[in-house]
Amino acid sequence: MTSAAVVGIGDISALHLDAIGQISTIDLVGVCDVDPERAERAGQTHGVPWFTDHRDLLAAVSPDVVHITTPHNQHVPVALDALEAGSHVLTEKPIGHSVAEGQRLVDAAAHTSLKVGVNFQNRYNPSAVAIREVVDSGRLGPIVGARGAVWWFRPAAYYDRAPWRGQRNGSGGGVLINQAIHTLDLLLWYLGRATRVTGVASNLSLPGVIEVEDTATVLIDHSSGVRSTFFATNAHHENADVELEISGRDGSVSLAGGTVRLTDSTGTQVIATDEQATGQRSYWGRGHSMLIEDFHARLGESEPFWISPDDGLAALRVLRQTYQQSGMLPSGSAL
């Protein structure tokens, strides 16, 4: 049995709290939010102590694992305090709102025996695992290119409910850092880290409402020698299914509608389909619960968790370079 505390009671915390409640080997011992009403409500709902300062939580309940689900600019400060208090850390993406902040967590993780994991939960989806297995198998032959696309919708009301999402200082960016980072991470996982990034990001649908981008196009040259093209928007009329395709000399593998299809000389076949979760935010799938259970189960291992702060930094570098090239970072600000 391991103990867990959740810091930050916003939308994404529902998945962590649901997963913790459903996994018999994890005991929730505390919750925290700077908003007293939200903190108290969560504490009463789950029958645990509630706090408005994470440092008070750490001192009072000493959790084995701190789950960080705060606004982006609070991820690193909370994580560093948790590590100093002796707790393992499982943080939501991104690892920080800037590369400089993310590097602080990477450095801290390299100098501790405590586990630090990043919630790139889409890597646990059956679709993502199937694509990785096909790419690694060599069945496609030499990879010649890849593409990914996220066509989603976020209205002004979405940012009104949590203003930090639309502010550079709070979020570090828009659709790339908040929604599309998961698909970006998959491309880097499949094809290797970025060696060159060329991108354009802009605010097309909500100028004057948000400071961050709602649409972006990025070309990524990967360490494998492959180039991928990536498009993301929050200006679509609905939340459409994520699309991803990797093409090789001898075939291709694609994700659309939660289904993975492999096409080669024998034809086209379905090789994986994602399952949906139940409970709050079920439309995000089952990846969160699988990652959370796996992270807690690995706490006794000597090796670092397999989705590390360094993985988080790799994705963060790509999108922050795109912001820099697009003039979306204040003059003189850190990448």
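The values are calculated or read from the model by the stated rules, or taken from the named source; none is laboratory data. Computed from a prediction, not measured in an experiment: that's the story for all the values here. We place every Cβ from the backbone using ideal geometry, glycine too, and count neighbours over all the protein chains shown. Remember, those area values only see protein heavy atoms, side chains included, never the ligands or the DNA or RNA. Shrake-Rupley method; radii C 1.70, N 1.55, O 1.52, S 1.80 Å.
Tell me, which residue of the range 64-77 that is open to solvent by less than 10 Å² (accessible area, probe 1.4 Å) and over 14 Å from the mean Cα position of the chain (by Cα) is nearest to HIS54 (Cα to Cα)?
VAL66
Working only within the range 136-154, note down all residues that are over 25 Å from ALA240 (Cα atoms) and of a type outside the set (S, T, N, Q). If you could, list the steps in order and put the result at the bottom.
Of all residues in the range 136-154, those over 25 Å from ALA240 (Cα atoms) come to 136-144.
If the condition is that a residue be over 25 Å from ALA240 (Cα atoms) and of a type outside the set (S, T, N, Q), then ASP136, GLY138, ARG139, LEU140, GLY141, PRO142, ILE143, VAL144 are the ones that fit.
Which ones in the range 88-133 are part of a loop (DSSP other than H, G, I, E, B), over 15 Å from the mean Cα position of the chain (by Cα) and surrounded by 21 or more Cβ atoms within 10 Å (Cβ to Cβ)?
LYS115 - this is the single residue of the range 88-133 that is part of a loop (DSSP other than H, G, I, E, B), over 15 Å from the mean Cα position of the chain (by Cα) and surrounded by 21 or more Cβ atoms within 10 Å (Cβ to Cβ).
I'm told LEU140 meets every condition in (1) assigned to a strand (DSSP E or B); (2) more than 16 Å from the chain's Cα centre (by Cα) except one. Can you identify the failing condition by its number?
(1)
Can you pull out the residues in the range 43-55 that are touching a residue at least 12 places away in the same chain (Cβ under 8 Å) and open to solvent by 10 Å² or more (accessible area, probe 1.4 Å)? Break it down into steps so the answer makes sense when it comes.
Step one: filter the range 43-55 for residues touching a residue at least 12 places away in the same chain (Cβ under 8 Å), giving 43, 46, 48-55.
HIS46, VAL48, PRO49, TRP50, PHE51, THR52, ASP53, HIS54, ARG55, listed by residue number.
Among residues belonging to the range 144-158 that are surrounded by fewer than 22 Cβ atoms within 10 Å (Cβ to Cβ) and touching a residue at least 12 places away in the same chain (Cβ under 8 Å), point out the one that is nearest to PRO330 (Cα to Cα). Before the answer, list the steps.
Filtering the range 144-158 for residues surrounded by fewer than 22 Cβ atoms within 10 Å (Cβ to Cβ) gives 144-145, 147, 149, 151-153, 155-158.
If we keep only those that are touching a residue at least 12 places away in the same chain (Cβ under 8 Å) too, we end up with 144-145, 147, 149, 151-153, 156.
Details: VAL144: 36, GLY145: 33, ARG147: 30, ALA149: 27, TRP151: 27, TRP152: 26, PHE153: 26, ALA156: 23 Å.
Checking each candidate, the answer is ALA156.
Which residue out of ILE292, ILE307 is under 30 Å from TYR158 (Cα atoms), of a type in the set (Val, Ile, Thr) and assigned to a loop (DSSP other than H, G, I, E, B)?
ILE307
Can you tell me which of (1) among the hydrophobic types (A, V, I, L, M, F, W, C); (2) under 23 Å from ILE12 (Cβ atoms); (3) over 18 Å from the mean Cα position of the chain (by Cα); (4) surrounded by fewer than 17 Cβ atoms within 10 Å (Cβ to Cβ) is the one TRP306 doesn't meet?
Result: TRP306 fails condition (3) only.
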